Amino acid sequence: MKLRSLLALAFSIVALAAVCNAQPSDRLVAARIDRYIASQMHRYKIPGMSVAIVRNGKVSILKSYGLANVELGVPVKPETIFQSGSMAKQLTAAAIMVLVQEGKISLDDRVSKYLPDTPAAWTNITIRHLLTQTSGLGDYPPEIELRRDYSEDQFIDIFKKAPLNFAAGTDWDYSNVGYVTLGIIISKVTGKFYGEFLREKVFKPLGMTTARVISEEDIVPNRAAGYRLVNSQLKNQEWVSPSTNSTADGSYYLSILDLVNWDSGLEATRANALFTQSTLDQFWQPTKLSDGRVKGYGFGWFTMKLHNRRFAFHGGAWQGFKSYIVKFLDDKLTIIFLANSWEANDFRMARGLMSIFYPEFAANESFGDYRSEPKVTQLVHRALLGLANDKVNKELFTAELQSELFPAKAKKIREQLQSLSLPVAVIHLSELVEKKVVGDLRVYRYAIIDIGQSMVCTVKLRQDDKIAGIEISELR
């Protein structure tokens, strides 16, 4: 009760808006954002958030809500530092493109040029493949323990031993390993820690004065705490080792002010622009695979055209934080938010904010309140991830469903899940919205909310928690 009152007080007192000279339309938008964020913070029990709206290169709305630190009762303000998660892969990509513009590397250079003794399977992997998530490297191998420290050479040695998911350029698969490798290559080329290179070449020129790589031991003014829910109780973020919390796949500290300045730097006509227009176009250019298929991912940005609007976006999730940036490329509109809660549904919230400007992006909000049943949800997530990656554990299903599901129905479900912008993030995209009992079965419905589409997954469980039925359909 005390926490709830404290959050409510912080929300009412601390909501800050850069709308002093705003037009009425901006004031109306700001009020709608306030109402929407209030509803989402209540729904997901989010302690604190920062939101920025940039129109035509200028900040039209800058708002802060709730608490940066619950234990100390510290409110969020524009200077509050959040952890970025994978949203900041675009910053790692920016460091690479600075090196490209300086002529120090080429996008078509092979990784083996910078890393010694790479395995034969890596022969054709290029810098471009790492940037566009088409290298085949996949996610962290099981040998990586997040609470253990590794040197850069140790990371690479472990990565080398893992089999590729596919030959470079033949498919797309979200790869944190690929971006960790990019950071290590930056260090090899420049002779500096990739974070130091970013500070000199990106953060300082753009006025991103508080942006930096994560460090728990340093004194970081205005640093927010990250939170998660355990049995509906707010808990602090889980600890990971310093080395696994400083890799180039998204281990950054950023304030909303840093991200506003980052967005400003993504205009080739600006005086402090880092990149030419041709370079910026590559950030947002969809990737063409070797068989002609196209994936909407550029250099650290997803890219899409929907409802006749071209936009780029990326989210992040790490250590009790969520983040998101959406940039409408032709409309000169950017939406950014940072939250200090693992439970925040970043994809849904991005669509909610997008729909304030363009109603056609609205997600279905007609189902009941968010409810959590952790053990069942974990089971469903394992099943969905396995189906999405074609690495499903058949033991999760009843014998009857196994015979019905494999191979044809499982293939169809895999295709449905692979149509998501980020299949491996189905654990962030889906949430339990309904539970009922039908005969001897418990029936669960999960909403899967992506930027471009919405689906519902219906799962039927026996008393022994074996999955007796699973199907995915469009959410209407």
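Numbers below:
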| read-out | value |
| --- | --- |
| Among residues of the range 264-277, those that are touching a residue at least 60 places away in the same chain (Cβ under 8 Å) and either of a type in the set (A, V, I, L, M, F, W, C) or touching a Cys at 6+ places or on another chain (Cβ under 9 Å) (or both), counted | 3 |
| Search result, residues across the range 194-218 that are more than 16 Å from residue 245 (Cα to Cα) and either touching a His at 6+ places or on another chain (Cβ under 8 Å) or hydrophobic (A, V, I, L, M, F, W, C) (or both) | 197, 198, 202, 203, 206, 208 |
| The range 148-161: number of residues that are assigned to a loop (DSSP other than H, G, I, E, B) and touching a helix residue (DSSP H, G or I) at 6+ places or on another chain (Cβ under 8 Å) | 1 |
| Of all residues making up the range 114-124, the number that are over 13 Å from residue 185 (Cα atoms), part of a loop (DSSP other than H, G, I, E, B) and not hydroxyl-bearing (Ser, Thr, Tyr) | 3 |
| Only listed residue being at pLDDT 90 or above, part of a strand (DSSP E or B) and within 20 Å of residue 344 (Cβ to Cβ), chosen from 46, 61 | 61 |
| Checking residue 264 against (1) within 19 Å of residue 78 (Cα to Cα); (2) polar (S, T, N, Q); (3) touching a strand residue (DSSP E or B) at 6+ places or on another chain (Cβ under 6 Å), the condition it does not meet | (3) |
| Residues of the range 265-300 classified as hydrophobic (A, V, I, L, M, F, W, C), surrounded by 13 or more Cβ atoms within 10 Å (Cβ to Cβ) and under 22 Å from residue 124 (Cβ atoms), total | 2 |
| Test: residue in the range 313-329 that is of a type in the set (Ser, Thr, Tyr), in contact (Cβ under 8 Å) with a residue 60 or more places away in the chain and either part of a strand (DSSP E or B) or buried (at least 24 other Cβ atoms within 10 Å of the Cβ) (or both) | yes |
| Subset of the range 392-421 [under 20 Å from residue 450 (Cβ atoms) and in contact (Cβ under 8 Å) with a residue 40 or more places away in the chain] | 413, 416, 417, 421 |
| Residues located in the range 74-116, provided they are in contact with a strand residue (DSSP E or B) (Cβ under 6 Å, 6 or more places away or on another chain) and of a type in the set (A, V, I, L, M) | 74, 76, 81, 87, 88 |
| Wholly enclosed helices (runs of 4 or more DSSP H) of the range 356-460 bearing at least 2 residues within 24 Å of the chain's Cα centre (by Cα) and not polar (S, T, N, Q) | 374-389, 408-418, 426-429 |
| Any hit, the range 200-221, residues being free of Cβ contacts under 8 Å to residues at least 40 places away in the same chain, surrounded by fewer than 22 Cβ atoms within 10 Å (Cβ to Cβ) and not in a loop (DSSP other than H, G, I, E, B) | yes |
| Which listed residue is among the charged types (D, E, K, R) and modelled with pLDDT of 95 or more, from 171, 139 | 171 |
| Residue pairs meeting the criteria (Cβ under 7 Å; at least 6 apart or on separate chains; first of a type in the set (Gly, Ala, Ser), in the range 278-305; second assigned to a loop (DSSP other than H, G, I, E, B) and modelled with pLDDT of 95 or more) | 290/169; 290/170; 296/286; 298/132; 298/284; 298/285; 298/286 |
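Yes/no matrix, rows are residues, columns are (1) assigned to a strand (DSSP E or B); (2) at pLDDT below 95; (3) in contact with a His (Cβ under 9 Å, 6 or more places away or on another chain):
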| position | (1), (2), (3) |
| --- | --- |
| 41 | no, no, no |
| 50 | yes, no, no |
| 68 | yes, no, no |
| 78 | no, no, no |
| 89 | no, no, yes |
| 92 | no, no, no |
| 112 | no, no, no |
| 133 | no, no, no |
| 146 | no, yes, no |
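Okay, residues lined up against (1) surrounded by fewer than 16 Cβ atoms within 10 Å (Cβ to Cβ); (2) at pLDDT 95 or above; (3) not hydroxyl-bearing (Ser, Thr, Tyr):
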residue: 343; (1), (2), (3): no, no, yes
residue: 349; (1), (2), (3): no, yes, yes
residue: 363; (1), (2), (3): no, no, yes
residue: 374; (1), (2), (3): yes, no, yes
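The values are calculated or read from the model by the stated rules, or taken from the named source; none is laboratory data. Small disclaimer: the values here were computed from a predicted structure and weren't measured. Please note: Cβ atoms are built from the backbone with ideal geometry, for glycine as well, and neighbour counts cover all protein chains shown.
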